[in-house]
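Q: There's a structure below that I have some questions on.
The values are calculated or read from the model by the stated rules, or taken from the named source; none is laboratory data. Just so it is clear, the model here is predicted, and its values are computed rather than measured. With ideal geometry, Cβ positions are generated from the backbone for all residues, glycine too; neighbour counts draw on all protein chains shown. Note: accessible area is taken over every heavy atom of the protein model, side chains too, but ligands, DNA and RNA are not part of it. Shrake-Rupley method; radii C 1.70, N 1.55, O 1.52, S 1.80 Å.
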Amino acid sequence: MKIRTFRYMFKEGLINTYKNKLMSLASITAVIASLVIFGLFFLLLENIRYNANILNEQQEMKVFCDYELEEEKIKEIEKALKQIENIKDYRLITAREAFEEYKIELGENADILEGFDENTLLSASFIVTLNNPDLSRETEKQIMAIEGVRKVAYYQEVIDFISRLSKWINAVSWVLIFILLLISVFIISNTIRLTVFARRREISIMKYIGATDWFIRWPFIFEGVIIGLIGAIIAAVLTNYGYGIIETKFNTELFEVGSNYFSLVSKNDISLRLSLFYCLTGCTVGAVGSLISIRKYLSV
(Lines give C-alpha, C1' and ligand atoms only; values in the text may rest on other atoms or scores of the structure.)
Protein backbone atom coordinates (compact mmCIF):
# COMPACT_ATOMS: atom_id res chain seq x y z
CA MET A 1 0.00 0.00 0.00
CA LYS A 2 1.37 3.42 -1.03
CA ILE A 3 1.85 6.10 1.61
CA ARG A 4 -0.55 8.43 -0.20
CA THR A 5 -3.23 5.72 -0.30
CA PHE A 6 -2.67 4.90 3.35
CA ARG A 7 -2.98 8.59 4.28
CA TYR A 8 -6.25 8.88 2.34
CA MET A 9 -7.78 5.83 3.99
CA PHE A 10 -6.68 6.89 7.49
CA LYS A 11 -8.09 10.39 6.92
CA GLU A 12 -11.40 8.92 5.77
CA GLY A 13 -11.51 6.78 8.90
CA LEU A 14 -10.99 9.84 11.11
CA ILE A 15 -13.66 11.81 9.26
CA ASN A 16 -16.17 8.97 9.56
CA THR A 17 -15.43 8.64 13.30
CA TYR A 18 -16.07 12.36 13.79
CA LYS A 19 -19.26 12.40 11.69
CA ASN A 20 -20.89 9.72 13.86
CA LYS A 21 -19.87 11.31 17.17
CA LEU A 22 -22.63 9.86 19.34
CA MET A 23 -22.36 6.31 18.04
CA SER A 24 -18.56 6.50 18.10
CA LEU A 25 -18.74 7.63 21.74
CA ALA A 26 -21.04 4.71 22.55
CA SER A 27 -18.63 2.31 20.90
CA ILE A 28 -15.62 3.78 22.70
CA THR A 29 -17.48 3.55 26.03
CA ALA A 30 -18.30 -0.11 25.39
CA VAL A 31 -14.65 -0.87 24.64
CA ILE A 32 -13.51 1.00 27.77
CA ALA A 33 -16.00 -0.86 29.99
CA SER A 34 -15.05 -4.25 28.56
CA LEU A 35 -11.31 -3.73 28.91
CA VAL A 36 -11.46 -2.15 32.38
CA ILE A 37 -13.51 -5.08 33.70
CA PHE A 38 -11.07 -7.50 32.11
CA GLY A 39 -8.22 -5.48 33.62
CA LEU A 40 -9.67 -5.87 37.10
CA PHE A 41 -9.77 -9.66 36.72
CA PHE A 42 -6.28 -9.65 35.18
CA LEU A 43 -4.81 -7.63 38.06
CA LEU A 44 -6.57 -9.83 40.61
CA LEU A 45 -5.14 -12.98 39.02
CA GLU A 46 -1.64 -11.52 38.72
CA ASN A 47 -1.60 -10.59 42.40
CA ILE A 48 -2.93 -14.00 43.45
CA ARG A 49 -0.22 -15.74 41.42
CA TYR A 50 2.47 -13.35 42.67
CA ASN A 51 1.67 -13.93 46.33
CA ALA A 52 1.19 -17.68 45.80
CA ASN A 53 4.74 -17.82 44.40
CA ILE A 54 6.04 -15.87 47.40
CA LEU A 55 4.37 -18.31 49.78
CA ASN A 56 5.62 -21.25 47.78
CA GLU A 57 9.17 -19.99 48.12
CA GLN A 58 8.86 -19.70 51.88
CA GLN A 59 11.06 -22.44 53.30
CA GLU A 60 9.83 -22.19 56.87
CA MET A 61 7.56 -24.23 59.11
CA LYS A 62 6.44 -23.47 62.62
CA VAL A 63 6.44 -26.45 64.98
CA PHE A 64 4.28 -26.06 68.10
CA CYS A 65 5.06 -28.16 71.15
CA ASP A 66 2.53 -29.44 73.69
CA TYR A 67 1.57 -27.03 76.44
CA GLU A 68 3.60 -26.94 79.69
CA LEU A 69 6.39 -29.17 78.39
CA GLU A 70 9.44 -29.47 80.60
CA GLU A 71 12.78 -28.15 79.34
CA GLU A 72 14.21 -31.65 79.00
CA LYS A 73 11.35 -32.74 76.76
CA ILE A 74 11.83 -29.67 74.57
CA LYS A 75 15.50 -30.61 74.18
CA GLU A 76 14.46 -34.11 73.08
CA ILE A 77 12.25 -32.58 70.39
CA GLU A 78 15.19 -30.40 69.35
CA LYS A 79 17.42 -33.47 68.96
CA ALA A 80 14.75 -35.23 66.90
CA LEU A 81 14.49 -32.23 64.57
CA LYS A 82 18.23 -32.39 63.98
CA GLN A 83 17.83 -35.93 62.64
CA ILE A 84 15.44 -34.92 59.84
CA GLU A 85 17.44 -34.48 56.62
CA ASN A 86 15.21 -31.82 55.03
CA ILE A 87 15.59 -29.47 57.99
CA LYS A 88 18.35 -26.98 57.28
CA ASP A 89 18.13 -24.93 60.46
CA TYR A 90 15.78 -24.18 63.36
CA ARG A 91 15.22 -21.61 66.08
CA LEU A 92 13.60 -22.23 69.45
CA ILE A 93 11.01 -19.78 70.72
CA THR A 94 10.22 -20.41 74.36
CA ALA A 95 6.74 -19.91 75.77
CA ARG A 96 8.04 -16.86 77.63
CA GLU A 97 9.44 -15.28 74.46
CA ALA A 98 6.20 -15.97 72.59
CA PHE A 99 4.21 -14.39 75.43
CA GLU A 100 6.33 -11.22 75.34
CA GLU A 101 5.97 -10.97 71.53
CA TYR A 102 2.22 -11.38 71.87
CA LYS A 103 2.08 -8.53 74.40
CA ILE A 104 4.00 -6.29 71.98
CA GLU A 105 1.58 -7.13 69.16
CA LEU A 106 -1.41 -6.24 71.36
CA GLY A 107 0.11 -2.87 72.17
CA GLU A 108 -2.33 -0.73 74.15
CA ASN A 109 -4.59 -3.76 74.67
CA ALA A 110 -1.87 -5.79 76.40
CA ASP A 111 -3.58 -5.26 79.77
CA ILE A 112 -6.12 -7.95 78.84
CA LEU A 113 -3.36 -10.51 79.53
CA GLU A 114 -3.15 -9.60 83.21
CA GLY A 115 -3.68 -12.69 85.34
CA PHE A 116 -2.34 -14.99 82.62
CA ASP A 117 1.16 -16.34 82.16
CA GLU A 118 2.93 -17.90 79.20
CA ASN A 119 2.16 -21.48 80.24
CA THR A 120 -1.61 -20.94 80.26
CA LEU A 121 -1.78 -19.37 76.82
CA LEU A 122 1.19 -20.38 74.71
CA SER A 123 3.67 -23.18 74.21
CA ALA A 124 7.27 -23.42 73.09
CA SER A 125 7.77 -23.62 69.34
CA PHE A 126 10.46 -24.01 66.70
CA ILE A 127 10.87 -21.99 63.50
CA VAL A 128 12.19 -24.60 61.06
CA THR A 129 13.97 -23.76 57.79
CA LEU A 130 13.75 -26.39 55.06
CA ASN A 131 16.30 -27.40 52.45
CA ASN A 132 13.61 -28.24 49.90
CA PRO A 133 10.08 -26.77 50.26
CA ASP A 134 8.75 -29.34 47.75
CA LEU A 135 9.23 -32.00 50.43
CA SER A 136 7.22 -30.06 53.01
CA ARG A 137 4.44 -32.66 53.31
CA GLU A 138 6.87 -35.50 53.97
CA THR A 139 8.75 -33.33 56.47
CA GLU A 140 5.49 -32.47 58.23
CA LYS A 141 4.73 -36.17 58.72
CA GLN A 142 8.19 -36.76 60.17
CA ILE A 143 7.83 -33.84 62.59
CA MET A 144 4.33 -34.85 63.69
CA ALA A 145 5.69 -38.29 64.55
CA ILE A 146 7.90 -36.71 67.25
CA GLU A 147 6.46 -37.12 70.74
CA GLY A 148 5.50 -33.76 72.25
CA VAL A 149 4.74 -32.00 68.95
CA ARG A 150 1.22 -30.58 68.93
CA LYS A 151 0.95 -28.91 65.53
CA VAL A 152 2.90 -27.98 62.39
CA ALA A 153 1.96 -24.81 60.51
CA TYR A 154 3.10 -23.98 56.99
CA TYR A 155 1.69 -22.53 53.77
CA GLN A 156 0.92 -25.56 51.58
CA GLU A 157 -2.82 -25.56 52.33
CA VAL A 158 -3.02 -21.86 51.54
CA ILE A 159 -1.09 -22.36 48.29
CA ASP A 160 -3.41 -25.19 47.21
CA PHE A 161 -6.48 -23.05 47.92
CA ILE A 162 -5.03 -20.08 46.04
CA SER A 163 -4.26 -22.33 43.06
CA ARG A 164 -7.86 -23.56 42.89
CA LEU A 165 -9.23 -20.06 43.35
CA SER A 166 -7.07 -18.61 40.57
CA LYS A 167 -8.29 -21.28 38.12
CA TRP A 168 -11.93 -20.37 38.79
CA ILE A 169 -11.26 -16.64 38.54
CA ASN A 170 -9.36 -17.20 35.29
CA ALA A 171 -12.25 -19.16 33.77
CA VAL A 172 -14.87 -16.62 34.86
CA SER A 173 -12.82 -13.67 33.62
CA TRP A 174 -12.36 -15.15 30.14
CA VAL A 175 -16.06 -15.95 29.80
CA LEU A 176 -16.96 -12.45 30.95
CA ILE A 177 -14.47 -10.69 28.67
CA PHE A 178 -15.67 -12.79 25.72
CA ILE A 179 -19.28 -11.67 26.30
CA LEU A 180 -18.28 -8.02 26.78
CA LEU A 181 -16.10 -7.98 23.67
CA LEU A 182 -18.95 -9.47 21.63
CA ILE A 183 -21.12 -6.58 22.81
CA SER A 184 -18.36 -4.15 21.82
CA VAL A 185 -18.07 -5.70 18.35
CA PHE A 186 -21.86 -5.42 17.93
CA ILE A 187 -21.91 -1.73 18.91
CA ILE A 188 -18.88 -0.86 16.74
CA SER A 189 -20.37 -2.70 13.75
CA ASN A 190 -23.61 -0.74 14.12
CA THR A 191 -21.66 2.52 14.38
CA ILE A 192 -19.81 1.82 11.14
CA ARG A 193 -22.95 0.48 9.50
CA LEU A 194 -24.41 3.99 9.72
CA THR A 195 -21.45 5.35 7.77
CA VAL A 196 -21.65 2.52 5.23
CA PHE A 197 -25.39 3.04 4.78
CA ALA A 198 -24.91 6.79 4.19
CA ARG A 199 -22.27 6.06 1.56
CA ARG A 200 -23.92 3.03 -0.05
CA ARG A 201 -24.37 4.77 -3.43
CA GLU A 202 -20.76 5.92 -3.41
CA ILE A 203 -19.67 2.35 -2.63
CA SER A 204 -21.79 1.01 -5.52
CA ILE A 205 -20.26 3.53 -7.95
CA MET A 206 -16.75 2.67 -6.77
CA LYS A 207 -17.51 -1.01 -7.36
CA TYR A 208 -18.80 -0.33 -10.90
CA ILE A 209 -15.72 1.66 -11.90
CA GLY A 210 -13.43 -1.14 -10.75
CA ALA A 211 -12.45 -0.35 -7.13
CA THR A 212 -11.39 -3.48 -5.26
CA ASP A 213 -13.26 -4.69 -2.19
CA TRP A 214 -10.24 -4.05 0.02
CA PHE A 215 -9.84 -0.47 -1.26
CA ILE A 216 -13.42 0.14 -0.14
CA ARG A 217 -13.02 -1.74 3.12
CA TRP A 218 -9.89 -0.06 4.46
CA PRO A 219 -11.36 3.37 5.41
CA PHE A 220 -14.06 1.61 7.44
CA ILE A 221 -11.52 -0.75 9.00
CA PHE A 222 -9.46 2.27 10.03
CA GLU A 223 -12.58 3.81 11.53
CA GLY A 224 -13.14 0.71 13.66
CA VAL A 225 -9.47 0.50 14.64
CA ILE A 226 -9.47 4.18 15.66
CA ILE A 227 -12.55 3.65 17.85
CA GLY A 228 -11.05 0.53 19.43
CA LEU A 229 -7.65 2.17 19.96
CA ILE A 230 -9.12 5.29 21.60
CA GLY A 231 -11.15 3.07 23.95
CA ALA A 232 -8.07 0.95 24.72
CA ILE A 233 -5.86 3.97 25.50
CA ILE A 234 -8.46 5.50 27.84
CA ALA A 235 -9.01 2.12 29.53
CA ALA A 236 -5.24 1.67 29.99
CA VAL A 237 -4.85 5.15 31.52
CA LEU A 238 -7.77 4.59 33.91
CA THR A 239 -6.64 1.11 34.95
CA ASN A 240 -2.98 1.98 35.43
CA TYR A 241 -3.74 5.19 37.30
CA GLY A 242 -6.26 3.52 39.62
CA TYR A 243 -4.03 0.51 40.26
CA GLY A 244 -1.02 2.75 40.90
CA ILE A 245 -2.89 4.57 43.69
CA ILE A 246 -4.13 1.32 45.27
CA GLU A 247 -0.75 -0.42 44.99
CA THR A 248 1.19 2.47 46.58
CA LYS A 249 -1.26 2.93 49.44
CA PHE A 250 -1.68 -0.80 50.12
CA ASN A 251 2.02 -1.68 50.10
CA THR A 252 2.90 1.40 52.18
CA GLU A 253 0.39 0.47 54.88
CA LEU A 254 1.62 -3.12 54.95
CA PHE A 255 5.20 -1.91 55.30
CA GLU A 256 4.20 0.32 58.21
CA VAL A 257 2.64 -2.59 60.11
CA GLY A 258 5.62 -4.79 59.30
CA SER A 259 3.83 -7.42 57.22
CA ASN A 260 5.94 -9.31 54.67
CA TYR A 261 3.43 -12.03 53.84
CA PHE A 262 1.33 -10.20 51.27
CA SER A 263 1.93 -7.35 48.82
CA LEU A 264 0.64 -6.10 45.50
CA VAL A 265 2.60 -6.46 42.26
CA SER A 266 4.38 -3.24 41.34
CA LYS A 267 2.56 -1.16 38.71
CA ASN A 268 5.82 -0.87 36.74
CA ASP A 269 5.97 -4.67 36.38
CA ILE A 270 2.48 -4.99 34.99
CA SER A 271 1.38 -1.76 33.26
CA LEU A 272 3.21 -2.29 29.95
CA ARG A 273 1.83 -5.79 29.42
CA LEU A 274 -1.69 -4.68 30.30
CA SER A 275 -1.52 -1.59 28.06
CA LEU A 276 -0.23 -3.58 25.06
CA PHE A 277 -2.98 -6.16 25.53
CA TYR A 278 -5.59 -3.40 25.72
CA CYS A 279 -4.36 -1.78 22.49
CA LEU A 280 -4.15 -5.09 20.62
CA THR A 281 -7.61 -6.17 21.78
CA GLY A 282 -9.17 -2.76 21.05
CA CYS A 283 -7.77 -2.64 17.50
CA THR A 284 -8.84 -6.25 16.83
CA VAL A 285 -12.37 -5.67 18.10
CA GLY A 286 -12.68 -2.49 16.00
CA ALA A 287 -11.41 -4.19 12.84
CA VAL A 288 -13.71 -7.20 13.28
CA GLY A 289 -16.71 -4.93 13.87
CA SER A 290 -15.88 -3.01 10.69
CA LEU A 291 -15.54 -6.12 8.54
CA ILE A 292 -18.89 -7.44 9.78
CA SER A 293 -20.70 -4.16 9.05
CA ILE A 294 -19.49 -3.64 5.46
CA ARG A 295 -19.68 -7.19 4.17
CA LYS A 296 -23.16 -7.12 2.62
CA TYR A 297 -22.66 -3.73 0.93
CA LEU A 298 -19.80 -5.09 -1.17
CA SER A 299 -22.14 -7.51 -2.93
CA VAL A 300 -23.16 -5.47 -5.99
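Q: Which residue pairs have Cβ atoms closer than 8 Å, lie 6 or more positions apart in sequence or on different chains, and pair a first residue in segment 74-98 that is within 13 Å of I127 (Cα to Cα) and free of Cβ contacts under 8 Å to residues at least 40 places away in the same chain with a second residue that is aromatic (F, W, Y) and open to solvent by less than 50 Å² (accessible area, probe 1.4 Å)?
A: Close Cβ pairs (under 8 Å, with a partner that is aromatic (F, W, Y) and open to solvent by less than 50 Å² (accessible area, probe 1.4 Å)) amount to Y90/F126; R91/F126; L92/F126; I93/F126.
Q: If I filter segment 150-163 for residues that are in a strand (DSSP E or B), modelled with pLDDT under 90, open to solvent by 60 Å² or more (accessible area, probe 1.4 Å) and under 18 Å from E76 (Cα atoms), do I get at least one hit?
A: yes
Q: Select, from E147, E97, the only residue that is acidic (D, E), out of contact with any helix residue (DSSP H, G or I) (no Cβ under 6 Å at 6 or more places or on another chain) and modelled with pLDDT of 85 or more.
A: Answer to the selection: E147.
Q: Looking only at segment 205-242, how many residues end up being among the hydroxyl-bearing types (S, T, Y) and modelled with pLDDT of 80 or more?
A: Residues that pass the stated criteria total 2.
Q: A further question on this structure: Go through segment 42-72 and give me each residue that's open to solvent by less than 50 Å² (accessible area, probe 1.4 Å) and either in a helix (DSSP H, G or I) or within 30 Å of L181 (Cα to Cα) (or both).
A: F42, L43, L45, E46, N47, I48, N51, A52, I54, L55
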